[in-house]
Amino acid sequence: MAGTERSPFLRGFGRQVKLFRERAGLTQADLGTRIGYSPDQVASVECGRRIPKPELVDKADEALDAGGVLKAMKEELAHARYPAFFRDAARLEAEAVEVQVYDTHVVNGLLQTEDYARATFTMRRPHLDEEVIEQRVAARMERHAIFGTRPAPLLGFVIEESVLRRLFGGVQVLRGQLEQMLLIGEKRNVEIQVMPLSREDNAGVDGPFTLMTPKGG
């Protein structure tokens, strides 16, 4: 199916659920009834097509008497929401004491509103499945937890002016995005700068980049 990702970890988690379910003598419909999900949703998890939400993992672990084995995988499952190339970066970002980024095409994910994020994922080619889009949007919103980290990391954003003029999602979506950036920019540990189109000398001509300083770095 176009736009889906079936990582080895998701397939492994799905096999674990299936083994526990069969050990308990339950059908997929039986398990779905016990945890409040449809048989199709259970089947999708077992096949590694669907990334289960934390509450599904908790309920399945208890319903199948898995002894915490399934719950222990929740952190890895959360990272599985990200595309493969970004999973290591997501871990580094969440633990960084400083993040400096330069963006040339879209507003950085740490600053995006839910509507803006959904618009950018919807425009991807080849098209992403609706389920994948929602997973990616949820994962992107979870990255915003960095703004509540204590001690607060230093966050710096330099954004090309053209990015702030692109109507991804339409006028109202862009308006909401700009308003959110203004609010986030008021935080003491956040600095947002715009690279004017009129700028003749620009060290970022090679494209977007991110610099992260880890704890103890």
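Computed from the coordinates by the stated procedures, all read-outs in this text should not be read as laboratory data. Fair warning: this is a prediction, and the values are worked out from it, not measured in the lab. Using ideal geometry, Cβ is built from the backbone for each residue, glycine included, and neighbour counts are taken over all protein chains shown.
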Inset, instruction - Pick out which of Gly32, Gly204, Gly185 has the largest mean-square fluctuation in a Gaussian network model of the chain, springs linking Cα atoms closer than 10 Å. - result: Gly204
Inset, instruction - Over all directions, average the projected area of the Cα convex hull of the range 8-79 and note it in nm². - result: 3.9
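How much of the DSSP beta bridge set in the chain is antiparallel, as a percent to the nearest 5?
On the way: 5 of 17 bridges.
Percent antiparallel among DSSP bridges in the chain is about 30.
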Legend entry - Which of His79, Tyr116, Met195, positive extreme of dipole for the chain (C-beta unit charges): His79
Legend entry - Long-range HN-HN contacts of Met195 with modeled amide H, under 5 Å: Ile159, Glu160, Glu161
Inset, instruction - Once you've got the GNM for the chain with C-alpha springs shorter than 10 Å, pick whichever of Ala89, Ala203, Ala80 has the biggest mean-square fluctuation. - result: Ala203
Inset, instruction - Quick one: compute the contact order of the chain, relative version, from alpha carbon pairs under 8 angstrom and 6+ residues apart, as a percent. - result: 23
Legend entry - Where Cα atoms sit under 20 Å apart: lysine pairs in the chain separated by 8 or more or lying on different chains: 8
Inset, instruction - With unit charges on the beta carbon (Lys/Arg positive, Asp/Glu negative), name the residue among Thr149, His127, Leu182 whose Cα is farthest towards the positive pole of the charge dipole of the chain. - result: His127
Inset, instruction - For the chain, with a Gaussian network of springs between Cα atoms less than 10 Å apart, report the residue from Leu197, Leu174, Leu19 with the top mean-square fluctuation. - result: Leu197
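Step by step: find N for the chain, compute 2.2 N^0.38 Å, then divide the Cα radius of gyration by it. What's the final number? Don't skip to the end; give the middle numbers.
Details: Rg = 20.3 Å, N = 217, 2.2 N^0.38 = 17.0 Å.
Its radius of gyration relative to the 2.2 N^0.38 Å reference: 1.19.
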Inset, instruction - Report the longest stretch of the chain that contains none of the GluC sites (Glu not before Pro) sitting in a DSSP loop with at most 13 other Cβ atoms within 10 Å. - result: 1-185
Inset, instruction - Would you work out if the range 76-186 is rounded, prolate or oblate? Take a ≥ b ≥ c from the square roots of the eigenvalues of the alpha-carbon gyration tensor; rounded if a/c is under 1.5, else prolate when a/b is larger than b/c, oblate otherwise. - result: oblate
Legend entry - Neighbourhood charge, 13 Å Cβ-Cβ cut-off, centred on Val205 and excluding it, Lys, Arg +1 and Asp, Glu -1: -3
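Taking the Cα centre of the chain as origin and charging only Cβ (+1 Lys, Arg; -1 Asp, Glu), how large is the dipole, in debye to the nearest 20? Please list the in-between numbers first.
Details: 30 positive and 32 negative charges, 93 e Å.
That gives the chain a dipole magnitude of about 440 debye.
Would you mind calculating the relative contact order of the range 48-153 from Cα pairs under 8 angstrom and at least 6 residues apart, reporting the percent as a whole number? All intermediate terms of the calculation are to be shown ahead of the outcome.
Numbers: 63 pairs, mean separation 26.5, N = 106.
Dividing the mean separation by the residue count of the range 48-153 yields 25 percent.
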